[in-house]
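Here is the structure we will look at, set down as structure tokens.
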Amino acid sequence: MFTRLNSKSHWNLILVLGLLIIIGCEADDFNLDNPLDPKNPEFIPPEVSITSGPSNDDVISTSYTKFNWEGNRPFMLFKYAFDGEWTEWTDQKSVEFSFLDEGDHSFLIKSTYTTETGDTSGHESELLTVEFEVDAVEGPAIMFYPRRHISSAGQTVTFQVLAEEVENLTAAEFKIEYDTRRLIIQSISQGDVFLGSGESLFHVEIDSLNGEFSILTGMLGGNTPSFSGTSNLLSVEVKIIEAVQTELNFDESEVFRDPDNNTISINETVNGRIETK
């Protein structure tokens, strides 16, 4: 049986159909049920918050630290940089850093949502930045810088040996031991701690059979008879033979002296470490 629509019903039907078409078009543009869709007026942007670790401008007294973080939604990815070196996107929510050198460091992190396929959504959070300082060594000290190199067999790395936070240093004498099965000493050159203040002494003896080298360095005169502060005593180039973790170690005979030939107490020694990929 056919029922004829009156004029009012006719226009109501047209209005309903028009609304359905509009809603259908908008549904193609964004998912009303998905607040993570950036085309949704109620889109919630990705966020990341650091839940533990050093705060901005902190000074930490250890050579180790750990950061933990959280996103504002489940199933998010994170990307972070430590001292300028960025990682790939990851779902991990913590990271540990060890063998940190003295001085300034930075940690940056951002987040993003993931798609159904596990890829990044392309929409990233604001970048969080933490700048902090490590002051883990109490001087006077003698230490390797950096504390650690990560390299490969066949590669050459360079360490400095620093006099750290010294007062009136005129001479230094020390011996360093290493494993000849894993390392070759390529060269040793004088640092700048005693240069620029007149004549200086820099004497090196390398015993490649027993795996050790001895250093005697100091000032022989000049207008400034001593050094105060932190500076490098030497640079040493080391070739990695075997891909095994190893160290260059002070043998505990190290001595600092002042202009009157008095011994300066050394509070701490920090060995050099090599880890291989």
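Every number in this text was worked out from the coordinates using simple rules, so none of it is lab data. All values reported here derive from a predicted model rather than from experimental measurement. Don't worry about glycine lacking a Cβ; one is built from the backbone with ideal geometry, like all the others, and counts go over all protein chains shown.
A compact table of results
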| read-out | value |
| --- | --- |
| Where a residue in the range 162-191 is on the phi > 0 side of the Ramachandran plot and its partner, wherever it lies, is buried (at least 17 other Cβ atoms within 10 Å of the Cβ), with Cβ under 8 Å and at least six apart | Glu165/Val137; Glu165/Gly139; Glu165/Pro140; Glu165/Ala141; Glu165/Thr230; Asn168/Ser226; Asn168/Phe227; Asn168/Ile264 |
| Members of the range 249-277 that are closer than 24 Å to Val238 by Cα and part of a loop (DSSP other than H, G, I, E, B) | Asp251, Glu252, Ser253, Glu254, Asn271, Lys277 |
| Odd one out for Ile184, checked against (1) surrounded by fewer than 18 Cβ atoms within 10 Å (Cβ to Cβ); (2) farther than 22 Å from Glu212 by Cβ; (3) hydrophobic (A, V, I, L, M, F, W, C) | (2) |
